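Trainee: First the structure, which I've put down as structure tokens, then a few questions once you've had a look.
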Amino acid sequence: SITGNFIGDGTSTINMGSATHTITGGLTLAAGDVLNVTVANSSNAGRINISTAAAISSDIDIHITVDLSNLSAISSDITLITAESGGEMIEATIAENLHVNDSDSNSVSNDVGTYTFTSIKTSADSSNIILRITFAGLSSSFSSPNQSLQDAYSAISGINGATGNLSTIKSYIISNGNSTSAKSEVLQQLSTNNIGLNQNSFAIVNAVS
């Protein structure tokens, strides 16, 4: 815990980890200050409880560390900062200021789906800042009049245990966010001369490239 006020100067870093911390005073964070947060699971992450008020710039950086195997395939809200009395607080943190697992993105994917992290206040007058995790499951459907593309899709989406580039390809082609035309394009690039791909071509356990 910290006794007194914590005032960031634009170069400050708070390592929250996955524990709960107390500031018996106020918290001020300026643009450029950094919060390092570890998400333990879909319900728990590092947290700061503030005794008085907080004034937090919307231009702080939030660096999130998370092991996706600990997350449930659900969307959830986790309280990051709570203050006893109002203060300006943070209105929102734009996606460019959230970084997951040392990346430049606020989203991360695995074989189950994609998790997107945003930081918001629960309401206009709320003194809480929450970390919102939005989960989008992978779609198992894809319809194409081109049978070779359909076969390629079925083979890749059925892979278990893929890592590295192969895992990236799998997540991309079965993402809900990709249109049918985008899926067709990437499958055509993978399917040399449009001859199709089969399970034997892509059933690679623990592939790394």
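The values are calculated or read from the model by the stated rules, or taken from the named source; none is laboratory data. All of these numbers come straight from a predicted model, not from anything done at the bench. With ideal geometry, Cβ positions are generated from the backbone for all residues, glycine too; neighbour counts draw on all protein chains shown. With ligands, DNA and RNA removed, areas are computed over all heavy atoms of the protein, side chains included. Shrake-Rupley method; radii C 1.70, N 1.55, O 1.52, S 1.80 Å.
Trainee: What accessible area, in Å² to the nearest ten, does a 1.4 Å probe give for residue 81?
Mentor: 0
Trainee: Using a 1.4 angstrom probe on the protein heavy atoms only, could you order 135, 117 from most to least accessible area?
Mentor: On the way: 135 40, 117 0 Å².
Final ranking, largest accessible area leading: 135, 117.
Trainee: Report the gain in length on full extension from residue 104 to residue 146: 0.36 nm times residue separation, minus Cα-Cα distance, nm rounded to one decimal. Don't skip to the answer; put the middle values down first.
Mentor: Numbers: separation 42, 0.36 × 42 = 15.12 nm, distance 3.60 nm.
The residue 104-residue 146 span can extend by a further 11.5 nm.
Trainee: Sticking with this structure for a sec: What is the distance, in nm, between label points placed 7 Å from the Cα along the Cα-to-Cβ direction at residue 18 and at residue 181?
Mentor: Distance between label points: 4.4 nm.
Trainee: Quick query: amide H of residue 32 versus all other amide H atoms, modeled in the peptide plane; which residues come in under 5 Å with a sequence gap of 5 or more or a different chain?
Mentor: 60, 61
Trainee: Sort all Cα-Cα distances of segment 1-55 into consecutive 5 angstrom bins from zero, then give the percent of pairs in each bin up to the one containing the longest distance.
Mentor: So the P(r) values, bin by bin, are 5, 20, 25, 26, 16, 6, 0.
Trainee: Right, another one. Run the simple label-point estimate for residue 36 and residue 59 please: 7 Å along Cα→C-beta, distance reported in nm.
Mentor: 2.4
Trainee: Points 7 angstrom from Cα along the Cβ direction at residue 172 and residue 69: gap in nanometres?
Mentor: According to this spin-label approximation, the distance is 2.6 nm.
Trainee: Work through the residues other than residue 132 whose Cβ is under 12 Å from its Cβ and net out their charges, Lys, Arg +1 and Asp, Glu -1.
Mentor: Values: positive: 121; negative: 77.
Local net charge: 0.
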